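The values are calculated or read from the model by the stated rules, or taken from the named source; none is laboratory data. Quantities reported herein were computed from a predicted structural model and do not represent experimental measurements. Every residue, glycine as well, gets a Cβ built from its backbone with ideal geometry; the counts of neighbours run over all protein chains shown.
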Amino acid sequence: MTDSRQLVETYLKAFYAGDSKVRDLLTDDFHFSGPSTHFHGADAFLKGAGHAAAGTRTVEIEKVFASGSEVAAFYVLRLDHRVNQVRVAERFRLEDGHIAASTLIMDTAPFLTRPRRDPASVVIDPVCHMEVDIAAPAAIREHNGAAYYFCSSGCAEAFASEPEKYLVA
């Protein structure tokens, strides 16, 4: 793929759709930096960020700018989450027709801000550690006879695939 804008648009659509072909678009030593996490290595990134992508219903790309090996994308994620949508700006660095690095910028405050609740009515999502209203979780999974509540279907799926990873004290 020679057009840098097309490469980034293809990546965004594939990543948020959970398409395994997204790996072919990244360099092996891909570096990701986001508001709350960093990854070095394409495989580590895809494994660690997959649950976030799984909680996305759609990605709406608003504008992509390219200048040489640098690309900036502005888009909206429609989420399977109480926040519902989030605007994102992401800067990409390309090398030899692949994405070598990404810096994602978004306001995380809506994910943290919540109305005051009775502490007994909320639990902590074991994957992302956000508070979840017991009366209206996005998903519930059972493991070893206990119920676990999740902020999104992506977190629930991540938990279901490796529950012991998230239950470490």
Handout entry: Check on Arg93, surrounded by fewer than 20 Cβ atoms within 10 Å (Cβ to Cβ), within 24 Å of His31 (Cα to Cα) and modelled with pLDDT of 90 or more
Key = yes
Handout entry: Candidates Phe39, Phe32, Phe111, filtered to the one that is among the aromatic types (Phe, Trp, Tyr), within 12 Å of the chain's Cα centre (by Cα) and within 28 Å of Ala156 (Cβ to Cβ)
Key = Phe32
Practice task
Look at Val86 and say whether it is under 12 Å from the mean Cα position of the chain (by Cα), more than 12 Å from Tyr11 (Cβ to Cβ) and part of a strand (DSSP E or B).
Solution key: yes
Exercise for the section: Scan segment 19-45 and report the pairs whose first residue is free of Cβ contacts under 8 Å to residues at least 24 places away in the same chain and at positive phi and whose second residue is assigned to a strand (DSSP E or B) and surrounded by 15 or more Cβ atoms within 10 Å (Cβ to Cβ), with Cβ atoms within less than 8 Å and a gap of 6+ or a chain change. Expected result: Gly41/Phe30
Exercise for the section: Would you mind telling me which numbered condition in (1) acidic (Asp, Glu); (2) surrounded by fewer than 16 Cβ atoms within 10 Å (Cβ to Cβ); (3) not assigned by TED's automatic domain parsing to the domain that holds Gly18 Glu70 fails? Expected result: (3)
Practice task
Check whether at least one residue in segment 92-103 is touching a residue at least 40 places away in the same chain (Cβ under 8 Å), closer than 23 Å to Glu157 by Cβ, out of contact with any Lys or Arg (no Cβ under 9 Å at 6 or more places or on another chain) and not assigned by TED's automatic domain parsing to the domain that holds Glu131, and report yes or no.
Solution key: no
Exercise for the section: Could you list, in sequence order, all residues of segment 73-83 that are out of contact with any Lys or Arg (no Cβ under 6 Å at 6 or more places or on another chain) and either outside any loop (DSSP other than H, G, I, E, B) or in the same structural domain as Asp133 (by TED's automatic domain parsing) (or both)? Expected result: Ala73, Tyr75, Leu77, Leu79
Fill in the blank from the handout: Within segment 140-155, residues being within 26 Å of Phe15 (Cβ to Cβ) and either modelled with pLDDT under 90 or surrounded by fewer than 20 Cβ atoms within 10 Å (Cβ to Cβ) (or both) number 6
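Give the number of residues within segment 1-26 that are of a type in the set (Ser, Thr, Tyr), surrounded by fewer than 20 Cβ atoms within 10 Å (Cβ to Cβ) and under 25 Å from Arg57 (Cβ atoms).
From segment 1-26, those of a type in the set (Ser, Thr, Tyr) are 2, 4, 10-11, 16, 20; that's our starting set.
Subsequent filtering for residues that are surrounded by fewer than 20 Cβ atoms within 10 Å (Cβ to Cβ) retains 2, 10, 20.
From the residues that got through so far, the ones that are under 25 Å from Arg57 (Cβ atoms) too are 10, 20.
Going through segment 1-26 one residue at a time, the tally reaches 2.
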Practice task
Go through the residues of segment 27-48 one by one and say whether even a single one is crowded, with 18+ Cβ neighbours inside 10 Å and polar (S, T, N, Q).
Solution key: no
